[in-house]
1. Send over the per residue convex hull volume for the stretch 252-355, Cα only, as a whole number of Å³.
2. Heavy atoms only, probe 1.4 Å: what % of the accessible area of the stretch 122-171 goes to carbon and sulfur, would you let me know?
3. Over the stretch 1-113, what is the mean sequence separation of C-alpha contacts under 8 Å (at least six apart), divided by residue count, expressed as relative contact order in percent?
4. Any chance you could list P(r) for the stretch 74-231, counting all Cα-Cα pairs in 5 angstrom bins from zero, rounded to whole %?
5. Find the percent of Cα-Cα distances in the chain that exceed 31 Å, and round it to a whole number.
6. Per residue, what volume in Å³ does the convex hull of the Cα atoms of the stretch 58-112 enclose?
7. For the stretch 103-189, what does the convex hull of the Cα positions come to per residue, in cubic angstrom?
8. From the square roots a ≥ b ≥ c of the eigenvalues of the alpha-carbon gyration tensor of the stretch 285-411, which class results: rounded (a/c under 1.5), prolate (a/b over b/c), or oblate?
Amino acid sequence: MSDVVEQPNHLEFESYINNYTGRTAIDRALFIADHCTGLQIEALKWAANEIKKSTRDTEKYIYCIKNLNTALQARGQPTVEPDNTWINNSNKENKTHIEQLENELKGSKTSSKENTRDGLNRLGELYHQSGDLTNSLKTYVRSRDYCSNSEQLLEMCFRVIQVNIDQENFTHVSSYVARAEATPNLPKKDLIQGKLESCRALISLHQYEPYVHVANALMNVSFEMNNTFNSVLSANDIAIYGTLCALASYSRQELRTKVMSNSAFKSYLELEPQMREMIDTFYESKYATCLELLESYRNDFLLDIHLAPHIPKLFKLIREKAMVQYCIPFSTVDLNRMATAFHTTVTILQNELTELIGRDHRIAARIDSHQKILYAKKRDQRHRALKQSMQAGIEYEKSSKALMLRLKLLGADMIVK
């Protein structure tokens, strides 16, 4: 196990996991069990019960019980016996129901498209319930040929998206998000678009695209979606993912216009007030408060199945952005005072600033390591003004030529009416 957390600082397992439904709830519980020693047994017990209650996935149940008993033995606690009756009954029911539906579909060549589509959907659900995601996906894809309107096409796309997310096949998720968007006459457009933007955010995370893509997608999620897509993401996830990616990628002006003035996203932030506080303190240049609050939630974020691999980089980007913004207004910066503001030592701060100046070129400055003072490089205002004037002249010339061309076309009566 990597990035193992002994105990989260704020996360309460029961209230957290109740935000989700379906396989994502089970997968998140198993992820927590793998990455948090303090919640391991509670998460495994919950997952085992949920598998029995909401699925017929016997392989996942056996895997879960095996891990639970390993954890119990390591703590010197009595092990639990698997529910063999449930396992045997589920296996029999899976086989019987699947064979029955497959036979119905084979004999339904004369059935209507609607009956065939309905039968394929039921078969896909059975495969999904039993944990056979490959056949579930194939069956849902087959149903595309029997869709006769936009709503049915959209339903097919979301079923395929769900299975691909369960399989972590985000290349195919991207393909079906595009198909869903291309569906004509989308019903409940804001709700559907919110779900698709949520999928796009997950695609960007899993394909390690720039975090600005994740932030932009989540800023477009209408609050109408709320918790209606919690088989994939909860409303709380929108607030958490959106805030972290926005802090890591947006400029100060973008934080104001895209986040703080965004009524839909502000509604999501009400569900996670600590995220709103992070945004406010960062925008108000209270960097020490923001970074301290951020760090206090590190263990909680490391237990998120989608976010965990990105936490070290996100935290680093947010801290670096805070340092860059701290330096912008000043021509000279006292490193001792800056170290106090960032709750760090002068030596560590100097190393971080050196990296931002030398390797990343994100701060135009030099450091007097003896006096512990950072000096901003003076910008050539005259050169900058000349460059802006030249650019304005080029744009003016371009627009003038376009206007003259249009006048000539009008004179020659060559405009399409």
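1. Values: hull volume 11.8 nm³, N = 104.
Residue-normalised Cα hull volume stands at 114 Å³.
2. Numbers: 920 of 2210 Å².
Roughly 42 percent of what the probe reaches on the stretch 122-171 is carbon or sulfur.
3. On the way: 83 pairs, mean separation 21.2, N = 113.
The normalised contact order for the stretch 1-113 reaches 19 percent.
4. That works out to 1, 8, 15, 16, 16, 13, 11, 8, 6, 4, 1, 0, 0, in percent per bin.
5. Details: 47850 of 86736 pairs.
Across the chain, Cα pairs with separations above 31 Å total 55 percent.
6. Numbers: hull volume 3.8 nm³, N = 55.
Hull volume normalised by residue count: 70 Å³.
7. Working: hull volume 8.0 nm³, N = 87.
Cα convex hull per residue, to the nearest whole number: 92 Å³.
8. Values: a/c = 3.91, a/b = 1.71, b/c = 2.28.
Oblate.
The values are calculated or read from the model by the stated rules, or taken from the named source; none is laboratory data. Note that the coordinates shown come from a computational prediction; the quantities given were computed from them, not determined experimentally. Cβ atoms come from the backbone with ideal geometry, glycine included; neighbour counts cover every protein chain shown. Accessible surface is based on the protein model in full, side chains and every heavy atom, while ligands, DNA and RNA are left aside. Shrake-Rupley method; radii C 1.70, N 1.55, O 1.52, S 1.80 Å.
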